[in-house]
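Have a look at the structure below before the remarks.
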Amino acid sequence: MQPRRWIQRLVLAGTSLIFLILLVLLGFNLQTLSVANRFFTLDGGIWNPTQLEREILRLRVIANEISMGTPNLGNEFVLRRNLVGSRINILSDFYRVEREDQRSLLERSSFEVIKRDFFTLETQTRLNISTNSVQQLIPVLSNMEANARTMVNERRQIVDRASQFQRQSLERLRITLLFILGGIIIQVPIFFLLSRRRFDTTLQKAYSTLQERSTALEQSQHELASSHALAQQQNEALQQTLADLEKSMAERSVLETTVQRMQFPIIPLRNRMAIMPVIGNLSSERVKIATDSAAQYVEVKRIKVLLFDITGVSAIDRSAAASMQQLLQMLRLLGCEPVLVGVTPEVAEELVHTGLAQHGLQTYANLQQAIEATAKTLE
């Protein structure tokens with residue numbers, strides 16, 4: 001396997017190098033082709049020198065006719081002279097931007113002579129155009145015509161060289177493109193043959209990996225289905241447990257209500273009088289339970305006197321004493337007189353500290369005295 005890999009790398013490196021060289025040659029040929037084509041795209045080319053030669057020739061013909069006495073040619077002479085000046089200006093701009101290798105020294109010197117002679121001609125014919133003045137300019141026009149012909153001949157040679165250079169560039173470009181096309185045609189089968197085995201191996205590995213992942217996915221789906229069924233069973237069991245718990249909590253709430261009511265039973269007596277025995281330590285929570293029971297019972301039975309038998313109360317804290325004071329005030333607002341029976345010294349001391357004994361609260365040592373005294377009051 002290792003030698004084949006080195007052969008593949010060597011072949012790929014060689015073909016890549018060949019392609020790189022061909023691309024460089026292609027770029028060079030395109031550049032040379034653009035340089036050769038630039039000469040023909042410019043407006044100068046051979047057009048302007050040829051037009052300059054024709055305009056000089058026409059101007060010399062008109063000058064000959066004027067020198068021979070032909071009348072009414074002054075305006076045409078001025079028109080042709082202006083056309084020659086326009087061509088000279090165009091060629092001046094052309095030579096200003098044209099490359100040095102696309103003009104010859106003889107062409108440039110001839111153009112300078114034409115410019116100098118035209119300046120002389122324009123100066124002498126600006127104010128007066130007569131037969132004598134034009135006759136003096138015939139040699140100048142002849143010299144301008146000869147230099148213009150020299151410029152055209154030089155320009156034609158340059159055009160021929162540029163055309164030949166363009167044809168050579170096109171030929172090199174065609175050969176380079178053929179080499180590139182041939183390299184592509186040769187490289188594609190070689191690359192295909194060298195990479196086919198590797199592609200087959202990679203494809204086989206990918207197929208094996210895909211099968212393994214497909215098997216793992218199916219197994220995961222089975223496990224997920226089993227987990228979903230188990231979770232559904234656990235959810236049903238949890239819902240049943242929650243229902244049982246809610247039922248138990250409801251039963252417990254009923255039981256707690258029953259127990260709370262049994263903590264403070266109310267025993268009815270004659271003449272709308274009742275007894276509520278209280279046993280154990282009194283806290284603020286127990287006093288609130290006693291308040292609810294006593295208020296409901298007094299309102300329903302219309303009790304006038306409610307005896308609180310606290311003989312069995314061993315202790316009472318300050319918060320419970322404050323809640324007890326609120327209970328007694330509420331009973332009085334309902335039209336019931338509260339009476340404490342069986343107050344122990346400890347409870348009495350706490351009642352004095354809280355100020356409960358200072359609100360005209362009736363107290364008795366035992367239940368018999370309380371019943372006899374309240375019965376007389378009711379009678």
**Prompt:** Name the pairs: first residue in region 113-137 and within 18 Å of Asn64 (Cβ to Cβ) and among the hydrophobic types (A, V, I, L, M, F, W, C), second residue at pLDDT 75 or above and open to solvent by 70 Å² or more (accessible area, probe 1.4 Å), Cβ to Cβ under 8 Å, at least 6 apart or on different chains?
**Reply:** Leu137/Gln124
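Sort out which residues of region 306-342 are β-branched (Val, Ile, Thr) and crowded, with 20+ Cβ neighbours inside 10 Å, and write them in order of number.
To start, the set of residues in region 306-342 that are β-branched (Val, Ile, Thr) comprises 310-311, 313, 316, 339, 341.
Residues satisfying the conditions are Ile310, Val313, Ile316, Val339, Val341.
State yes or no: is Thr291 at pLDDT 85 or above, surrounded by 11 or more Cβ atoms within 10 Å (Cβ to Cβ) and part of a helix (DSSP H, G or I)? Even if it seems obvious, please write down each step before you answer.
Numbers: at pLDDT 85 or above: yes; surrounded by 11 or more Cβ atoms within 10 Å (Cβ to Cβ): yes; part of a helix (DSSP H, G or I): yes.
Spelling it out, Thr291 is indeed at pLDDT 85 or above, surrounded by 11 or more Cβ atoms within 10 Å (Cβ to Cβ) and part of a helix (DSSP H, G or I).
One line per residue, one yes/no per condition, for (1) open to solvent by 50 Å² or more (accessible area, probe 1.4 Å); (2) within 30 Å of Ser163 (Cα to Cα); (3) modelled with pLDDT of 80 or more:
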site	(1), (2), (3)
Leu52	no, yes, yes
Val84	no, yes, yes
Glu107	no, yes, no
Val113	no, yes, yes
Arg116	yes, no, yes
Thr150	no, yes, yes
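Out of the residues in region 54-82 that are in a helix (DSSP H, G or I) and free of Cβ contacts under 8 Å to residues at least 12 places away in the same chain, which is most open to solvent (accessible area, probe 1.4 Å)? Explain how you work it out, then say what you get.
At the first step, the residues of region 54-82 found to be in a helix (DSSP H, G or I) are 54-67, 74-82.
Applying the additional criterion that residues be free of Cβ contacts under 8 Å to residues at least 12 places away in the same chain yields 54, 61, 65, 75, 79, 82.
Numbers: Arg54: 119, Val61: 65, Glu65: 73, Asn75: 137, Leu79: 97, Asn82: 78 Å².
Per the criteria, the residue is Asn75.
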**Fill in**
Only one of (1) farther than 30 Å from Arg318 by Cβ; (2) modelled with pLDDT under 75; (3) open to solvent by less than 80 Å² (accessible area, probe 1.4 Å) does not apply to Leu203, and that is (3)
**Request:** Report yes if some residue within region 29-41 is open to solvent by 40 Å² or more (accessible area, probe 1.4 Å) and at pLDDT 65 or above; otherwise report no.
**Result:** no
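The values are calculated or read from the model by the stated rules, or taken from the named source; none is laboratory data. Quick caveat, the model's predicted, so the values are computed rather than measured. No Cβ is skipped: glycine too gets one built from the backbone with ideal geometry, and neighbour counts run over all protein chains shown. Note: areas computed on protein heavy atoms with side chains; ligands, DNA, RNA excluded. Shrake-Rupley method; radii C 1.70, N 1.55, O 1.52, S 1.80 Å.
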